[in-house]
Amino acid sequence: MDDLLAARSTMGFSLGFHIIFASIGMTMPFFMSAAHFLYLKKKNPEHLELTQMWMKGVAILFAVGAVSGTVLSFELGLLWPGFMKYAGPIIGMPFSWEGTAFFLEAIAIGLFLYGWKRMKPWVHWSTGLVVGLSGFASGIFVVAANSWMNAPAGFDWVNGEALNINPVQAMFNKAWLHQSLHMQLAALQAVGFAVGGIHAFLYLKGKARALHLSAIKIAMSFGAVAAILQPFAGHFAAQRVAELQPAKLAAMEGHFKTSTQAPLYLGGIPDVNAQEMKYGIELPGLLSFLAFNDFAAEVKGLDQFPKELWPPLVITHISFQIMVAIGTLLAFVGVLFFVFIRKNNFPSWFLKFLVACIPLGFIAIEAGWIVTEVGRQPWIIYGIMKTSEAVTPVPGMKYHFYLFLFLYLFLGFITVWLLRRQILAAQRKFET
Amino acid sequence: MIEILLFFIGASLLLYVLLGGADYGAGVLELLPTRRHREAQRELINEAMGPVWEANHMWLILIVVILFMGFPSVFTTLMTSLHLPMVALLLGIVVRGCAFTFRHYDAIKGETSQKIYTMLFGVSSLWTAMWLGIIAASLDRGLINPEARTFFEAYIAPWWGRYPFLMGVFVVCIFSFLASVYLIGEAKEPGLQKFFARRGMVLNYLVVFAGALVFSASADERTPLHREFFRNEYSVGCMVLATLLFFALWFFVSKRNTLWVRLIAGGQISLILLGWYFLHAPNALLTRQGPLSFYAAAAPTATLLQLVIALLVGSLFIFPSLFYLLKVFKTK
């Protein structure tokens, strides 16, 4: 493994790991606050039980999210000093706001976790809400920083130097809105379905059914609304990508030749040598429509770009297909959820299906980030700086890679083990 | 504008040492053998640190963000030349944070698992504090060399040696001292209070002793700490004051006045850090090619302005919340 690949892989799994915990950390406090709100309104002890159950999960996952986020802030320099030397002053602004939001979140979580009986009930409730709000805000800021790498703005690149830096323009670049919207919805969706699925599993086990039912209702309400909105946000994002990064769109779709009435492929594997899609179902004109709202519009293919500037096609295309497939499925499940909640009766096959959905949202998030990040290659700053120019000069990066891979696998394992113990302990409590 | 940023870096570092340092020290204290008080100590540390540790950790992130936005060449030089100690530091931070939270929130409080969490928390606290000291010492040795040709020269030499190692030990002593003093006030039972008071005094001696060792090692290496210390009346003044406060500390410990003991201990450590600032500022770090000052490394004005705005507006949110946090948990 060469140093560039090792650095990219390290960054890849660090982000991939952190995204899961960050998504949970920024959305689950909302579920928790909703349960807490119901308790304070109705004084139903089940809602209190649920709030505290979720709180413990939030505490564990928040800690892992906070430390893996710290690692990322160092890794920007440890792995990509060539990038940070220029990018720091340009996109530091969203990071500085993210720092502020995260600081507030850290304070609020201390207040909420340990503040039972030390504060007035509604004040205490509001600290839980602040955890969610500040977490949500920091998610938006971080994605805004990432979107700048896809749509660089707020500076002039003159002979390899960044001049006339305008951090405000850099932050509100052309990609920040669609990326943030897509990501924040994805987080709500993934966490809503995962939490809903876990409680559906526990409900089917038959203990404390009322508690698990209200848990399913709360978590899935967030998840289902997000899942139904997500295809629209995704469509908006694809249109922006078509405009800003045509090479990425072509890689996502396996679109080799520039054409009007460009077809959309369902499934399929792009064959890089033959420059054509294999085994895909072709839907004529649909890509043109999706990208430009016009069946006849011309869509740039990969033939417009020199081959050394092509993103890795197979990974980008397959990840994109996975994301879209899961998104479509979850949107459908979301609609079903609202049908059943109106009837106030969830058939057991539906609950079993929810259990099967537990990991899907997270898989879609990972796939989506692979599309965003791998689809931008070989650029680290799109059109400005190549990833290979940004990598650290420190040799032996593969050892760095192994070390952190081991650490993260170990942490992931422990976290799952701990959550399992939480659920077991909660189940045991209901037995008596 | 650079002065405002330097103030924020200095203040964040100070708060990280005082507040985060006490957290690190608490971990180190758990490693020291205490047959009689082990259980009580662990419970006390859990209770005292739980609500605040996430917030205490944030000062470090703040420093990192200010550096990479405002002083990018300082940030990239540090992360490149000190790659290995930074990785070591990160490992410690990850293990510490997880072990502490897991210990508290593991639903099944098994004896073995709790023992493992406690051991990991203690060892990683010691480890991380050591590396913080090593990194701090590496800043002013002048051995950072971005133009080095060999691996050793580029990535090992900047932090390898007796002086950085002893600085690591010194930082561990400081942190454990702060933790003991902090815990005197947190403990409710007189026996436990007395225990931490005794620990605190012993550790205060150790701070002085380790400090002397650092100074002698700095003489061998002719670092600015030794070369310029006696020429800098501010630094000398800070050290003299810190030493004099030693007697005041004794007095208030014997009187069991926990508020004054805390203030004086915090004051001593602040003075030590301030003395170091006076020697160090306005340089961020010393390289083989010469000092890299914050002024030379600063980002363009538009960026600095945005950073200052973010910090000032952020402070309006953060400080009141922080006071509220302390008010809720630290008033009885």
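The values are calculated or read from the model by the stated rules, or taken from the named source; none is laboratory data. All of these numbers come straight from a predicted model, not from anything done at the bench. Cβ: placed from backbone, ideal geometry, glycine included. Neighbour counts: every protein chain shown. Keep in mind that these areas ignore ligands, DNA and RNA; they rest on the heavy atoms of the full protein, side chains included. Shrake-Rupley method; radii C 1.70, N 1.55, O 1.52, S 1.80 Å.
Selection of region A:166-188 for residues being open to solvent by 20 Å² or more (accessible area, probe 1.4 Å) and within 14 Å of chain B (Cβ to nearest Cβ) yields A:Asn166, A:Val168, A:Gln169, A:Phe172. Among the residues making up region A:201-216, a single one is farther than 14 Å from A:Pro347 by Cα and under 23 Å from the mean Cα position of the chain (by Cα): A:Ala215. So how many residues does region B:156-167 have that are free of Cβ contacts under 8 Å to residues at least 60 places away in the same chain and crowded, with 24+ Cβ neighbours inside 10 Å? The qualifying residues number 2. Among the residues of region B:1-27, those that are buried (at least 24 other Cβ atoms within 10 Å of the Cβ) and aliphatic (A, V, I, L, M) comprise B:Ala22, B:Ala26. Selection of region B:236-256 for residues being over 22 Å from the mean Cα position of the chain (by Cα) and open to solvent by less than 50 Å² (accessible area, probe 1.4 Å) yields B:Ala248, B:Phe252, B:Val253.
The condition of being touching a Gly at 6+ places or on another chain (Cβ under 6 Å) and open to solvent by 10 Å² or more (accessible area, probe 1.4 Å) holds for only one of A:Ile218, A:Ile228, A:Ile198, that being A:Ile228.
For every residue, the table says whether it meets (1) outside any helix (DSSP H, G or I); (2) among the hydroxyl-bearing types (Ser, Thr, Tyr); (3) touching a residue at least 40 places away in the same chain (Cβ under 8 Å); (4) over 22 Å from B:Met49 (Cβ atoms).
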| site | (1), (2), (3), (4) |
| --- | --- |
| B:Phe209 | no, no, no, yes |
| B:Val214 | no, no, yes, yes |
| B:Phe230 | no, no, no, yes |
| B:Leu245 | no, no, no, yes |
| B:Ala248 | no, no, no, yes |
| B:Leu259 | no, no, yes, no |
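Within region A:50-59, if we keep just the residues that are more than 7 Å from chain B (Cβ to nearest Cβ) and not hydroxyl-bearing (Ser, Thr, Tyr), the residue that is farthest from A:Gln427 (Cα to Cα) turns out to be A:Val58.
Taking the criterion of being facing chain B (nearest Cβ under 7 Å) and touching a residue at least 40 places away in the same chain (Cβ under 8 Å), the residues of region A:100-112 that qualify are A:Ala106, A:Ile109.
Quick check, is B:Ile135 at pLDDT 90 or above, over 25 Å from B:Ile264 (Cα atoms), open to solvent by 10 Å² or more (accessible area, probe 1.4 Å) and in a helix (DSSP H, G or I)?
On the way: at pLDDT 90 or above: yes; over 25 Å from B:Ile264 (Cα atoms): yes; open to solvent by 10 Å² or more (accessible area, probe 1.4 Å): yes; in a helix (DSSP H, G or I): yes.
Considered against the rule, which asks whether it is at pLDDT 90 or above, over 25 Å from B:Ile264 (Cα atoms), open to solvent by 10 Å² or more (accessible area, probe 1.4 Å) and in a helix (DSSP H, G or I), B:Ile135 comes out as yes.
Of the residues making up region B:280-332, those that are under 22 Å from the mean Cα position of the chain (by Cα) and among the hydrophobic types (A, V, I, L, M, F, W, C) are B:Ala281, B:Ala284, B:Leu285, B:Leu286, B:Phe294, B:Leu311, B:Ile318, B:Phe319, B:Leu322, B:Phe323, B:Leu325, B:Leu326.
B:Arg231 fails exactly one of the following numbered conditions: (1) in contact with a Phe, Trp or Tyr (Cβ under 8 Å, 6 or more places away or on another chain); (2) closer than 30 Å to B:Tyr163 by Cα. What is the number of that condition? Going through the list (1) in contact with a Phe, Trp or Tyr (Cβ under 8 Å, 6 or more places away or on another chain); (2) closer than 30 Å to B:Tyr163 by Cα, B:Arg231 breaks only (1).
With A:Ser9, A:Ser23 as the choices, which residue is open to solvent by 10 Å² or more (accessible area, probe 1.4 Å), more than 11 Å from chain B (Cβ to nearest Cβ) and assigned to a helix (DSSP H, G or I)?
Details: A:Ser23 fails: open to solvent by 10 Å² or more (accessible area, probe 1.4 Å).
Going through A:Ser9, A:Ser23 in turn, the sole match is A:Ser9.
Could you check region B:133-156 and list, in sequence order, the residues that are at negative phi and away from every other protein chain (no Cβ under 14 Å)?
Narrowing region B:133-156 to residues at negative phi: B:133-141, B:143-156.
Result: B:Gly133, B:Ile134, B:Ala136, B:Ala137, B:Ser138, B:Leu139, B:Asp140, B:Arg141, B:Leu143.
So which residues in region A:115-124 are assigned to a helix (DSSP H, G or I) and surrounded by fewer than 18 Cβ atoms within 10 Å (Cβ to Cβ), if there are any at all? Hits for region A:115-124 are A:Pro121, A:Trp122, A:Val123.
Return the only residue of B:Leu305, B:Leu311, B:Leu316 being open to solvent by less than 30 Å² (accessible area, probe 1.4 Å) and outside any strand (DSSP E or B).
Working: B:Leu305 fails: open to solvent by less than 30 Å² (accessible area, probe 1.4 Å); B:Leu316 fails: open to solvent by less than 30 Å² (accessible area, probe 1.4 Å).
Testing whether each residue is open to solvent by less than 30 Å² (accessible area, probe 1.4 Å) and outside any strand (DSSP E or B) leaves just B:Leu311.
Restricted to region B:299-332, and to residues there that are touching a residue at least 40 places away in the same chain (Cβ under 8 Å), within 23 Å of B:Phe71 (Cα to Cα) and touching a Leu at 6+ places or on another chain (Cβ under 9 Å), the residue that is nearest to the other protein chains (Cβ to nearest Cβ) is B:Ala299.
If only one of A:Phe136, A:Phe74, A:Phe62, A:Phe95 is more than 9 Å from every other protein chain (Cβ to nearest Cβ) and assigned to a helix (DSSP H, G or I), which one is it?
Numbers: A:Phe74 fails: more than 9 Å from every other protein chain (Cβ to nearest Cβ); A:Phe62 fails: more than 9 Å from every other protein chain (Cβ to nearest Cβ); A:Phe95 fails: more than 9 Å from every other protein chain (Cβ to nearest Cβ).
Answer to the check: A:Phe136.
Counting only helices (runs of 4 or more DSSP H) that sit wholly inside region A:331-432, those with at least 3 residues that are surrounded by 13 or more Cβ atoms within 10 Å (Cβ to Cβ), out of contact with any helix residue (DSSP H, G or I) (no Cβ under 6 Å at 6 or more places or on another chain) and within 14 Å of chain B (Cβ to nearest Cβ) are A:397-431.
Within region B:267-290, is there a residue that is surrounded by fewer than 15 Cβ atoms within 10 Å (Cβ to Cβ), in a helix (DSSP H, G or I) and touching a residue at least 60 places away in the same chain (Cβ under 8 Å)? No, because not a single residue in region B:267-290 is surrounded by fewer than 15 Cβ atoms within 10 Å (Cβ to Cβ), in a helix (DSSP H, G or I) and touching a residue at least 60 places away in the same chain (Cβ under 8 Å). Among all residues of region B:170-188, there is at least one that is closer than 28 Å to B:Lys255 by Cα, modelled with pLDDT under 85 and of a type in the set (D, E, K, R). Looking across A:Lys85, A:Lys41, one residue alone is more than 7 Å from chain B (Cβ to nearest Cβ) and among the basic types (Lys, Arg). It is A:Lys41.
Is there a residue being part of a helix (DSSP H, G or I), among the charged types (D, E, K, R) and touching a strand residue (DSSP E or B) at 6+ places or on another chain (Cβ under 7 Å) anywhere in region A:239-258?
Restricting attention to region A:239-258, the residues satisfying the condition of being part of a helix (DSSP H, G or I) are A:239-244, A:246-253.
Right, trim to among the charged types (D, E, K, R) and you get A:240, A:243, A:248, A:253.
Adding the requirement that they be touching a strand residue (DSSP E or B) at 6+ places or on another chain (Cβ under 7 Å) leaves A:253.
Yes, region A:239-258 contains a residue that is part of a helix (DSSP H, G or I), among the charged types (D, E, K, R) and touching a strand residue (DSSP E or B) at 6+ places or on another chain (Cβ under 7 Å).
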